[in-house]
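What follows is a short report on a single structure.
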Amino acid sequence: MLQLDHIDAGYGPVQVLGSVSLAAQEGSITVIVGPNGAGKSTILKVITGLVRPTGGHVVFQERDITALPAHDRPALGIASCPEGRRLFPLLTAETNLRLGAYTPRGRNAADATMEYVYRLFPRLRERAGVKAGRLSGGEQQMVGIGRALMAKPSILILDEPSLGLAPKLVSEIFAKIQELRKGGLTVLMVEQNAYAALRIADFGYVMQNGQVVRSGPTKDLLDLEALRRDYFATG
Amino acid sequence: MADLGLVAADLVVGLMLGCVFAVIAHGLNVIWGVTKVVNVAHGEFIMLGAYGAYYLNLYLGFNPLLSVPVDAAIGIGVGFLFYFGLLHRELRGKETITRESEMVTLVATFGLSLILSNVALAIFKGDAVGIRWAPETLALGPVGVPLGGLYVAISSVAIIAISDLFLSRTYLGNAIRAYSQDIGAAQLMGINPTRIAAIATAIGFGLTMAGGALLTVWLPVGITPLIGSTYAPISFVIVVLGGPGKMWGSLLGGLTLGILIDVLPAFGISTSIAVAVAFLILIPVLLFAREGILR
């Protein structure tokens with residue numbers, strides 16, 4: 001459904017990604033793990049369009065979207081909860097969700113999707129009128145994921161959905177992600193919490209220093225010894 | 001001791017004038033709050049709005065209220081030109097508006113301000129003109145309320161209410177607010193940043209020029225090419241007082257300034273000192289409530 005083909009990218013003179021190729025299969029959960037600074041979030045920014053790659057191609061549903069502006073991508077079915085969630089802090093939780101449905105694709109079904117999001121995260125219904133900046137970390141994460149779902153995406157991009165959450169909440173969020181996959185959604189996420197993420201995913205990529213060092217079905221990646229080597233080895 | 005009847009009359013005038021101030025400041029506020037562009041040429045567009053109303057009155061017999069939608073429409077057109085002519089090159093593709101961009105647009109609008117005020121001096125000359133539109137005066141006990149000012153005040157509040165409804169209840173309005181808080185995240189929602197910045201600039205200019213038309217009711221013989229230099233600083237004070245980006249802050253700030261400027265003279269303080277006092281309020285506001293007096 002989504003392929004990155006030999007992507008080079010960076011910020012100004014700093015090269016972050018070197019020839020990264022990866023794919024997300026329709027109806028599966030794909031996870032990218034790796035230590036801090038490995039370039040995981042940059043990959044997601046290339047997919048959502050906030051970072052323009054200097055080389056390589058991004059192909060979504062057989063269409064080359066490498067040069068497509070970020071704001072034209074949600075209409076194709078790419079929605080994300082970015083690094084740091086980036087909610088609109090002065091707008092209410094509900095308005096944040098509504099904005100997720102800004103494109104015609106989302107707007108036509110906004111009321112029904114909103115109901116779906118509230119059933120997925122009942123807590124948000126109670127907090128609908130609260131400004132996003134005043135929500136707790138867990139609630140903000142729910143709004144971030146909910147806001148992405150409001151776009152009626154065919155692929156959901158999540159950057160560190162467990163970041164800053166209590167362990168109980170982490171397993172709750174991961175359970176919700178599995179629930180979404182069961183509903184037919186494709187998920188691509190980046191996680192620091194490698195072990196927990198690999199357990200719910202179908203396919204995984206391990207990154208280091210801007211490159212994919214290992215990939216495969218998650219059951220093959222769950223070898224803890226090898227993971228530890230990937231995280232700490234220097235070469 | 002000040003005459004209570006006089007104070008009451010000044011209070012009423014101050015409130016009505018404050019409503020007009022609010023619309024003018026609202027125009028500045030929308031542009032500043034959304035695009036982070038401080039429009040130094042703001043005063044010149046108030047002036048153009050006032051002249052617009054004057055000529056519509058002179059040639060077509062429009063009263064200032066009828067000129068408001070015409071001026072607003074012209075302002076919207078001018079706003080699009082202003083955005084694509086002056087701002088787009090600097091703001092295009094930026095996920096955050098840096099200090100450097102703010103300086104560039106500041107200097108660009110300052111230049112525009114100089115050009116406009118001098119061209120206006122050349123075309124309109126320095127003589128003051130005005131619109132004679134004087135509906136009756138309503139007697140409220142000892143206080144006479146000029147109905148022209150009252151209609152203008154009501155229109156002003158209506159304009160602010162409509163823009164607030166637009167910004168909080170429509171997809172486009174919420175997209176504008178989203179853009180003002182996080183341009184990159186807005187793009188992730190499918191919001192086209194250029195479109196939003198251009199529309200917000202256009203709305204800001206529409207409000208500013210409409211405000212210029214509304215102001216003429218208080219300038220029966222006082223429209224000159226230089227009125228911008230009186231009302232632009234007042235607008236800046238109001239926006240800082242109410243908090244940039246806060247829509248009802250414009251109204252609260254406008255009323256505060258209107259009352260100060262009109263009521264203090266009733267206590268024997270000269271108008272220029274009253275204006276100075278209004279500016280002095282900024283110091284404690286900036287020291288203790290940097291986000292404005294509205295929470």
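The values are calculated or read from the model by the stated rules, or taken from the named source; none is laboratory data. Here the structure is a predicted model, which means the values were calculated and not measured. Cβ atoms come from the backbone with ideal geometry, glycine included; neighbour counts cover every protein chain shown. These accessible areas exclude ligands, DNA and RNA; they are computed on the full protein's heavy atoms, side chains included. Shrake-Rupley method; radii C 1.70, N 1.55, O 1.52, S 1.80 Å.
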Checked against the positive end of the charge dipole of the protein assembly as shown (+1 on Cβ of Lys and Arg, -1 on Cβ of Asp and Glu, about the Cα centre), the farthest of B:Gly79, B:Val30, A:Gly216 is A:Gly216
Once the in-chain neighbours fewer than 8 apart are removed, the lysines whose Cα is under 26 Å from A:Lys152 read A:Lys40, A:Lys45, A:Lys131, A:Lys176, A:Lys182
If R0 = 35 Å, then B:Leu172 and B:Phe110, at their Cβ-Cβ distance, give a FRET efficiency to the nearest 0.05 of 0.70
Everything considered on the Cα gyration tensor (a ≥ b ≥ c; rounded for a/c under 1.5, else prolate if a/b is larger than b/c, else oblate), the stretch B:32-96 must be described as prolate
Restricting to Cα pairs under 8 Å and 6 or more apart, the percent relative contact order of chain B works out to 40
Answer in debye to the nearest 20: the dipole magnitude of the stretch B:4-288 about its Cα centre, from +1 Lys/Arg and -1 Asp/Glu charges placed on Cβ, is 460
Most fluctuating of B:Tyr171, B:Tyr83, B:Tyr51 in the GNM of chain B (C-alpha, under 10 Å) is B:Tyr171
Output field shielding_mean for B:167-173 (other chain Cβ, 10 Å radius) holds 2
For the stretch B:4-288, the charge dipole (Cβ of Lys, Arg +1; Cβ of Asp, Glu -1; about the Cα centre) points to a positive end, and the Cα of B:Leu60, B:Asn192, B:Asn118 closest to that extreme belongs to B:Asn192
Counting every C-alpha pair in chain A, the percent lying more than 31 Å apart is 19
Row for the stretch B:197-295, column shape: gyration tensor on C-alpha, a ≥ b ≥ c, rounded if a/c < 1.5 i.e. under 1.5, prolate if a/b over b/c, else oblate; value oblate
Calc'd 3J(HN,Hα), the stretch B:56-70, phi into Karplus 6.51 cos²θ - 1.76 cosθ + 1.60 (θ = phi - 60°), Hz, glycine/Pro = x, comes to 4, 6, 5, 8, 10, x, 5, 7, x, 5, 5, 6, 4, x, 5
Restricting to Cα pairs under 8 Å and 6 or more apart, the percent relative contact order of the stretch B:56-172 works out to 16
Chain B, Gaussian network, Cα under 10 Å: of B:Gly149, B:Gly268, B:Gly126, the residue fluctuating most is B:Gly268
Full extension between B:Met103 and B:Asp3 adds, at 0.36 nm per residue less the Cα distance, a length in nm of 31.2 nm
Computed for chain A: size of charge dipole around the Cα centre, +1 on C-beta of each Lys and Arg, -1 on C-beta of each Asp and Glu, debye to nearest 20, value 700
Partner shielding of A:66-74, as the mean number of partner chain Cβ atoms within 10 Å, equals 4
Nearest 10, in degrees from 0 to 90: the angle of helix B:193-215 to the longest Cα principal axis of chain B is 10
Using alpha carbon centers only, the stretch A:131-178 is separated from the stretch B:188-227 by a whole-angstrom value of 40
Along the dipole axis of the stretch B:4-288 (charges at Cβ: +1 for Lys and Arg, -1 for Asp and Glu; origin at the Cα centre), the most positive-end residue among B:Ala274, B:Leu147, B:Val239 is B:Val239
Taking chain A and counting helices only, DSSP H stretches of n ≥ 4 at -39,500 (n - 2.57) each over all residues, the nearest-500 ellipticity at 222 nm comes to -10000 deg cm²/dmol
Place a point 7 Å from the Cα of B:Ile162 in the direction of its beta carbon; the residues of the stretch B:243-257 whose amide N falls under 18 Å from it are B:247-248, B:251
Any aspartates and glutamates whose Cα falls less than 18 Å from that of B:Lys246, other than same-chain ones fewer than 8 residues away, would be B:Asp164, B:Asp182, B:Glu291
Checked the protein assembly as shown with the C-alpha gyration tensor, a ≥ b ≥ c its square-rooted eigenvalues, rounded below a/c of 1.5, otherwise prolate if a/b is larger than b/c and oblate if not; verdict prolate
One finds the C-alpha centres of the stretch A:38-62 and the stretch B:1-73 to be spaced, in Å, by 49
Computed over chain B: longest principal axis from alpha-carbon atoms vs helix B:247-263 long axis, angle to nearest 10 degrees, is 30
Judged on accessible area alone, 1.4 Å probe, highest first, B:Thr170, B:Thr230 line up as B:Thr230, B:Thr170
So the pair-distance distribution of chain B, from every Cα-Cα distance in 10 Å bins, comes to percents of 7, 28, 36, 22, 7, 1, 0
Summing -39500 (n - 2.57) over every DSSP H run of at least 4 residues in chain B and dividing by its residue count gives a helix-only mean residue ellipticity at 222 nm, to the nearest 500 deg cm²/dmol, of -24000 deg cm²/dmol
Placing each pseudo-label 7 Å from Cα in the direction of the beta carbon, B:Ile273 and A:Glu126 end up separated by a distance in nanometres of 5.8
Treating only Lys and Arg (+1) and Asp and Glu (-1) as charged, each at its beta carbon, one finds that the protein assembly as shown has a dipole about its Cα centre, in Debye to the nearest 20, of 800
Rounded to the nearest 10 degrees, the helix B:147-169 long axis (Cα) sits at an angle to the longest Cα principal axis of chain B of 20
Expressed in nanometres to one decimal, the distance between label points 7 Å along Cα→Cβ at A:His57 and A:Ala75 is 2.3
Across A:78-88, the residue-averaged tally of Cβ atoms belonging to other chains within 10 Å stands at 3
Taking Cα pairs closer than 8 Å and at least 6 residues apart, the relative contact order of the stretch B:230-295 in percent is 39
Across the alpha-carbon set of the stretch A:9-133, Rg over Rh with Rh taken as the Kirkwood radius works out to 1.00
Hits in the stretch A:115-155: amide N under 18 Å from the 7 Å Cα→Cβ extension of A:Gln178, namely A:120-121
Place a point 7 Å from the Cα of A:Arg199 in the direction of its beta carbon; the residues of the stretch A:152-182 whose amide N falls under 13 Å from it are A:167-175
